[in-house]
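The values are calculated or read from the model by the stated rules, or taken from the named source; none is laboratory data. Please read these numbers as outputs of a predicted model, since none were measured by experiment. Cβ coordinates were reconstructed from backbone atoms using ideal geometry, including for glycine residues, and neighbour counts include every protein chain displayed.
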Ligand code: ASC
């Protein structure tokens with residue numbers, strides 16, 4: 001019994017530490033998962049970008065919180081791009097699975113830029129936030145250009 005509990009706890013800890021190992025019951029669920037993670041990420045990033053672009057009044061607290069949520073969400077979508085999830089309700093191009101290393105590089109670059117955005121947003125300096133928003137948006141765009149269907 002003790003062993004089983006230890007095993008379950010270790011499994012749970014691993015699942016939390018390594019979201020990329022997430023398993024899904026169906027390919028459809030993985031597709032939904034990655035889309036929803038990207039959606040929540042974009043809503044939070046978009047709010048900060050809106051402030052950087054002067055479309056939304058700048059609120060340093062909201063910017064810092066939104067950037068932190070976007071940074072965390074940026075970790076999640078990749079687990080949903082496993083084998084067999086290339087077909088369905090998705091704009092993901094087949095090249096994601098044939099040129100995985102390039103896709104992974106883009107994913108990492110975006111997460112790195114998102115982390116810098118969190119730091120900039122925490123600083124409360126709007127000029128720093130603008131620079132980081134542009135770099136992050138650029139990382140989103142380059143991946144979309146290569147790997148997202150129109
Ligand atoms: C967004 C969004 C993207 C990126 C991209 C940046 O807010 O939805 O796909 O930023 O437009 O160029």
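Of note:
- Being at pLDDT 95 or above, away from the ligand (no atom under 13 Å from the Cβ), farther than 15 Å from residue 45 by Cβ and under 11 Å from the mean Cα position of the chain (by Cα) is a description that does not apply to residue 93.
- Cβ pairs under 6 Å, 6+ apart, first in the stretch 136-150 and under 19 Å from residue 44 (Cα atoms), second within 12 Å of the ligand (Cβ to nearest atom) and at pLDDT 95 or above: 136/113; 136/114; 136/117; 139/110; 139/113
- Any chance residue 54 is under 22 Å from residue 137 (Cα atoms), more than 16 Å from the chain's Cα centre (by Cα) and either surrounded by fewer than 16 Cβ atoms within 10 Å (Cβ to Cβ) or within 12 Å of the ligand (Cβ to nearest atom) (or both): yes
- Every condition in (1) closer than 16 Å to residue 47 by Cβ; (2) within 16 Å of the ligand (Cβ to nearest atom) holds for residue 110 except the one numbered (1).
- First in the stretch 13-39 and over 20 Å from residue 94 (Cα atoms), second anywhere and modelled with pLDDT under 60 and loosely packed, with under 14 Cβ neighbours inside 10 Å, Cβ under 8 Å, 6 or more apart: 21/14; 21/15; 22/15
- Qualifying residue in the stretch 123-145 (condition: away from the ligand (no atom under 12 Å from the Cβ), within 30 Å of residue 23 (Cβ to Cβ) and exposed (fewer than 14 other Cβ atoms within 10 Å of the Cβ)): no
- The test for being touching a residue at least 40 places away in the same chain (Cβ under 8 Å) and on the phi > 0 side of the Ramachandran plot holds for residue 124.
- A count restricted to the stretch 27-49 and to residues that are farther than 15 Å from residue 76 by Cα and surrounded by fewer than 21 Cβ atoms within 10 Å (Cβ to Cβ) stands at 4.
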